[in-house]
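Here the structure comes first, spelled out in structure tokens, and everything after it is commentary.
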Amino acid sequence: MNIVSCIKFDTNGLVPVVVQDVSTKEILMLAYMNKEALQKTLESKKAHYYSRSRKQLWLKGETSGHYQHIKKISLDCDQDALLLEVEQTGGACHTGHKSCFYQSIGNEGDLVENQVAVFDPIETYGAQILQAVYKVIIDRKANPKEGSYTNYLFEKGLDKILKKVGEESSEVIIGAKNQNAEEIIYEISDLLYHLMVLMVHQKIRWNDIFSELQKRYS
């Protein structure tokens with residue numbers, strides 16, 4: 001019998017999932033799956049979850065590279081919770097810790113951090129931010145919004161987008177010549193945004209860029 005048909009999903013179509021490191025038996029995180037996420041997990045052998053806040057499916061490690069490779073899936077006795085035993089790449093928590101359960105409750109009820117972060121959360125989460133902005137730009141192209149600057153760029157076409165990329169590149173240079181860190185950060189952010197508009201226009205994904213950078217790094 002297929003495991004999907006056995007599970008008692010809640011009224012929102014979700015089932016809680018406890019994730020455990022297959023080697024150390026450490027509990028890494030708690031997440032949720034719907035039927036589609038579970039099916040994708042079974043097919044790919046990589047953990048997929050459903051985000052209740054974003055209301056969409058997500059592949060663990062898609063932007064960070066911290067994939068969870070499935071080794072075993074167990075269903076509890078009431079058939080309303082799952083246990084995933086995984087081989088964890090990097091950390092499971094977006095804060096930089098291997099496990100999301102890196103804090104313990106002390107005798108006085110205070111929180112005590114009992115793990116050291118295993119990676120820089122800003123560096124890893126940064127890729128997620130780029131991906132999130134990229135997805136907003138894709139949505140604007142598919143579902144135009146009145147007054148949207150992004151839609152204005154798409155309406156004007158490639159030449160206008162390229163002109164803005166050129167202008168923002170010049171602004172970065174000016175900021176650097178001015179020796180003004182705040183100005184440089186602001187202008188680089190503008191440049192990245194316009195580059196993402198160009199990427200969407202040309203059907204180029206961040207994963208394409210990351211893959212190319214990985215080739216150069218290795």
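For the stretch 82-103, a tally of residues being part of a loop (DSSP other than H, G, I, E, B) and of a type outside the set (S, T, N, Q) returns 11. When restricted to residues that are free of Cβ contacts under 8 Å to residues at least 40 places away in the same chain and either surrounded by fewer than 16 Cβ atoms within 10 Å (Cβ to Cβ) or not in a helix (DSSP H, G or I) (or both), the stretch 152-164 contains 8. Residue-level check: of (1) in a helix (DSSP H, G or I); (2) of a type in the set (S, T, N, Q); (3) more than 14 Å from Val4 (Cβ to Cβ), Gln39 misses just (3). Within the stretch 23-38, the set of residues being within 18 Å of Val118 (Cα to Cα) and surrounded by fewer than 16 Cβ atoms within 10 Å (Cβ to Cβ) comprises Ser23, Thr24, Lys25, Glu26, Ile27.
Applying a threshold of 6 Å to beta carbon distances and a minimum spacing of six or more residues, or different chains, the list of pairs starting in the stretch 91-114 at a residue that is outside the structural domain of His69 (by TED's automatic domain parsing) and over 17 Å from Asp21 (Cβ atoms) and ending at one that is of a type outside the set (A, V, I, L, M, F, W, C) and part of a loop (DSSP other than H, G, I, E, B) reads Ser104/Asn114; Val112/Gly106. Within the stretch 59-81, restricting attention to residues that are touching a residue at least 12 places away in the same chain (Cβ under 8 Å) and in a strand (DSSP E or B), the residue that is farthest from the chain's Cα centre (by Cα) is Leu75. Condition (residue is in contact with a strand residue (DSSP E or B) (Cβ under 9 Å, 6 or more places away or on another chain) and on the phi > 0 side of the Ramachandran plot) applied to the stretch 51-62: is it met by at least one residue? The answer is yes, given that some residue of the stretch 51-62 is in contact with a strand residue (DSSP E or B) (Cβ under 9 Å, 6 or more places away or on another chain) and on the phi > 0 side of the Ramachandran plot.
The values are calculated or read from the model by the stated rules, or taken from the named source; none is laboratory data. Remember, predicted model here, so these are calculated numbers, not experimental data. Cβ coordinates were reconstructed from backbone atoms using ideal geometry, including for glycine residues, and neighbour counts include every protein chain displayed.
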